[in-house]
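Beneath this line is the structure, given in structure tokens, with notes to follow.
The values are calculated or read from the model by the stated rules, or taken from the named source; none is laboratory data. Remember, it's a predicted structure, so these values are computed and weren't measured experimentally. Neighbour counts are summed over all protein chains in view; Cβ atoms, including those assigned to glycine, are modelled from backbone coordinates with ideal geometry.
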Ligand SMILES: Nc1ncnc2c1ncn2[C@@H]1O[C@H](COP(=O)(O)OP(=O)(O)O)[C@@H](O)[C@H]1O
Ligand SMILES: [Mg+2]
């Protein structure tokens, strides 16, 4: 298991991010949190999580304040900077799944609903329609009693088209070519459940498959940048560059899988929603 303490000595100054950041070893009262694959040195201290700042720290700080004022409790609170310059967040009790796996229908419905509640809470932040999470995979969800109840890790959050996040949830929670992930028609049915639970407008359901392809393309591009050293080259998780080529070839095989099963996904998304959705009408 990754241990952040192997990689940075206490007080090392790490250039980048428009300002230098002092990375510290995990001290005695700090527990390394190892579920992430991007950010080095995330630790828990009491009821807080400490994380080195990212280029979007200020944006995320304001955004989390906005969604909490909107009544959303499915994410940590931003608590300011600690004395070595790390961002502090409230620690969300629960579990983080160690790796993507097959989820049941209740899980994927919960993920779709949680995403919709997040988007609704972001509305109007700095005048934007919606702020997308842009990384709402199972690895960035906190599970309580086996169900996803909160999002974490907002480094990629930015204004966007909601379908980008719906597509990411559909892919990351429902779809995989791995044999233990179930037959494509069942995965397609779960994608439909995500669209239903989110309350995706009918016209958007028909472009969800293309949006899933777009997310896979972006994943390839992101990891190509990591492999080339042009993305977060100094403060990346130490494992990130080692894993990049593996992630790229896996994503490409997932793309072939989605393309090869396009008919199953299109058929499922062509059916009308089974749910009556609260809030804005989704149907058209
Ligand atoms: N607010 C939080 N509450 C509880 N656990 C957290 C919180 N933030 C991060 N974690 C834990 O730390 C791990 C890494 O954090 P994350 O922000 O996802 O980093 P990365 O950018 O590497 O994905 C997560 O997998 C989770 O286990
Ligand atoms: Mg993460």
Since residue 132 meets every condition but one in (1) away from ligand 2 (no atom under 16 Å from the Cβ); (2) outside the structural domain of residue 30 (by TED's automatic domain parsing), which condition does it not meet?
(1)
So residue 39 fits all but one of (1) surrounded by 20 or more Cβ atoms within 10 Å (Cβ to Cβ); (2) modelled with pLDDT under 95; (3) near ligand 1 (Cβ under 9 Å from one of its atoms); what number is the exception?
(1)
From the list 210, 197, exactly one residue is assigned by TED's automatic domain parsing to the domain that holds residue 124 and out of contact with any helix residue (DSSP H, G or I) (no Cβ under 8 Å at 6 or more places or on another chain). Which is it?
210
Criterion violated by residue 106 - all others in (1) within 24 Å of residue 46 (Cβ to Cβ); (2) away from ligand 1 (no atom under 15 Å from the Cβ); (3) touching a strand residue (DSSP E or B) at 6+ places or on another chain (Cβ under 8 Å) satisfied:
(1)
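Let me confirm something: among 220, 226, which residue is within 23 Å of residue 36 (Cβ to Cβ), touching a strand residue (DSSP E or B) at 6+ places or on another chain (Cβ under 8 Å) and either modelled with pLDDT under 95 or assigned by TED's automatic domain parsing to the domain that holds residue 118 (or both)? Let's see the steps before the verdict.
On the way: 220 fails: touching a strand residue (DSSP E or B) at 6+ places or on another chain (Cβ under 8 Å).
Only one candidate qualifies: 226.
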With respect to residue 98, is the statement that it is within 20 Å of residue 158 (Cα to Cα) and part of a loop (DSSP other than H, G, I, E, B) true?
no
With criteria (1) farther than 28 Å from residue 195 by Cα; (2) in contact with a strand residue (DSSP E or B) (Cβ under 7 Å, 6 or more places away or on another chain); (3) at pLDDT 95 or above; (4) within 12 Å of ligand 1 (Cβ to nearest atom), residue 32 comes up short on (3)
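When the residues of the range 132-143 are narrowed to those that are within 17 Å of residue 102 (Cα to Cα) and within 11 Å of ligand 1 (Cβ to nearest atom), which ends up surrounded by the most Cβ atoms within 10 Å (Cβ to Cβ)? If you could, list the steps in order and put the result at the bottom.
Of all residues in the range 132-143, those within 17 Å of residue 102 (Cα to Cα) come to 136-143.
Subset that is within 11 Å of ligand 1 (Cβ to nearest atom): 137-143.
Working: 137: 17, 138: 20, 139: 18, 140: 23, 141: 28, 142: 22, 143: 17.
If we take residues in the range 132-143 being within 17 Å of residue 102 (Cα to Cα) and within 11 Å of ligand 1 (Cβ to nearest atom), then 141 is surrounded by the most Cβ atoms within 10 Å (Cβ to Cβ).
Check 149, 130 and return the single one that is over 19 Å from residue 219 (Cα atoms) and more than 15 Å from the chain's Cα centre (by Cα). Show your work before the answer.
Values: 149 fails: more than 15 Å from the chain's Cα centre (by Cα).
The unique qualifying residue is 130.
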Picking from 84, 108, 96, 60, which residue would you name as being more than 25 Å from residue 138 (Cβ to Cβ) and in contact (Cβ under 8 Å) with a residue 12 or more places away in the chain?
84
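Condition check: modelled with pLDDT of 95 or more, away from ligand 2 (no atom under 16 Å from the Cβ), exposed (fewer than 13 other Cβ atoms within 10 Å of the Cβ) and under 22 Å from residue 149 (Cβ atoms). Does residue 69 satisfy that? Steps first, please.
Working: modelled with pLDDT of 95 or more: yes; away from ligand 2 (no atom under 16 Å from the Cβ): yes; exposed (fewer than 13 other Cβ atoms within 10 Å of the Cβ): yes; under 22 Å from residue 149 (Cβ atoms): yes.
Answer is yes for this residue.
Restrict the check to the range 160-183 and report whether at least one residue is over 23 Å from residue 253 (Cα atoms), within 16 Å of ligand 2 (Cβ to nearest atom) and surrounded by 22 or more Cβ atoms within 10 Å (Cβ to Cβ). It would help to see each step written out before you state the result.
The initial filter retains those residues of the range 160-183 that are over 23 Å from residue 253 (Cα atoms), namely 160-162.
When the remaining residues are screened for being within 16 Å of ligand 2 (Cβ to nearest atom), the result is none.
The answer is no, given that none of the residues of the range 160-183 is over 23 Å from residue 253 (Cα atoms), within 16 Å of ligand 2 (Cβ to nearest atom) and surrounded by 22 or more Cβ atoms within 10 Å (Cβ to Cβ).
Based on this model, can you work out whether residue 155 counts as crowded, with 17+ Cβ neighbours inside 10 Å, within 15 Å of ligand 2 (Cβ to nearest atom) and not assigned by TED's automatic domain parsing to the domain that holds residue 74? Let's see the steps before the verdict.
Values: crowded, with 17+ Cβ neighbours inside 10 Å: yes; within 15 Å of ligand 2 (Cβ to nearest atom): yes; not assigned by TED's automatic domain parsing to the domain that holds residue 74: yes.
For residue 155, the condition - crowded, with 17+ Cβ neighbours inside 10 Å, within 15 Å of ligand 2 (Cβ to nearest atom) and not assigned by TED's automatic domain parsing to the domain that holds residue 74 - is met.
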